[in-house]
Amino acid sequence: MNRSYSFLIIVLALISLSSCWAGGLDIPQNIDSIPGVGTMAGVNAPVPVVDGGTGAATAADARTALGVAASSATVLTNGANPMTGSLTFSGHANIVQSNTADYLNLCGGTDNTTGAYISMYGNAGPYNREGWLFISAGKHANAHITFDTGITTVLERMRITSGGNIGVATSTPQHLLHLEASGGGYYDEGTHQWVNGTCLEERKTDIQPIDFDPLAAISKLEIKKYRYKKYVEERHPITGEVVTAAWADDPDGKETYGYIANDVPAELSKMISAEGNLGTRDAFAFLAAVARSQQAQITSLTARIAALEAK
């Protein structure tokens, strides 16, 4: 080609380019595709971390930068850039401390003094805590540990308060161990004895003295010797259904001493349960009343004897 024509073409190209710049042609810094042309093949420039990228040019390098293995779903963060929001799993999921010589902490605060805290040590964990599990409610006057269960409604079943009291079926335990279910009771730290909740006055109403002479009542109570019968069922050999059932004599039954509910004096009839038993608590109260009545008589007779001997 003639040099004059070549020079002319170069000049025209420069003039055209300068016109584009003068006209404000906007060329983007990061070109992924050109409208009407398509994706630019071969362009794979790393996105810097400051721009929200990983700074890596390959998937492997990106996983390494994020601390994510190819077959895992590990999330790494640090105190300067904590993760926010929710971490949701679908299906089977594990949170694993792969180093058994270390430990895993789950904190509701920054440590075990600023919120609820669970610490799990590997079987080769440090500080002589091999395999230990720590559960802490944190350092707060209202920091409690509760245990809830339920079938249709989830309810609190047990609580450990910030003061160290343990409550079963009560959310306000007043003692080291405090039970409320079925009458309840508590451990008295002062006397080191168990206090039956059913014995407390606040658990009772319509309190009145007994309206009969316990000595006269016990004189009517006859102690008998007997053996309990056994309950025998006859079942169908094929269907297994019960054909007959009845109480039958048991020659091998243990010989027992007690009373017959049908013969119990009317004064004691209210103490008999629907099953025909005199409850241990009722029996103890009745015998205590008998002993008290006897002691009153002994005291009275002793005074009379002393008076007679003084004459």
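Would you say residue 258 is surrounded by fewer than 11 Cβ atoms within 10 Å (Cβ to Cβ) and of a type outside the set (Asp, Glu)? The answer is no for residue 258. Just one of (1) at pLDDT 80 or above; (2) under 28 Å from residue 294 (Cβ atoms); (3) part of a strand (DSSP E or B); (4) within 45 Å of the chain's Cα centre (by Cα) fails for residue 195. It is (1). Scanning the range 205-252 for residues that are surrounded by 10 or more Cβ atoms within 10 Å (Cβ to Cβ), part of a strand (DSSP E or B) and of a type in the set (Lys, Arg) yields a count of 4.
Listed by position, the strands (runs of 3 or more DSSP E) enclosed by the range 87-158 that each have at least 1 residues that are modelled with pLDDT of 85 or more, more than 30 Å from residue 181 (Cβ to Cβ) and of a type in the set (A, V, I, L, M) are 103-107, 117-121.
The values are calculated or read from the model by the stated rules, or taken from the named source; none is laboratory data. These numbers come from a predicted model, not from an experiment. Cβ atoms come from the backbone with ideal geometry, glycine included; neighbour counts cover every protein chain shown.
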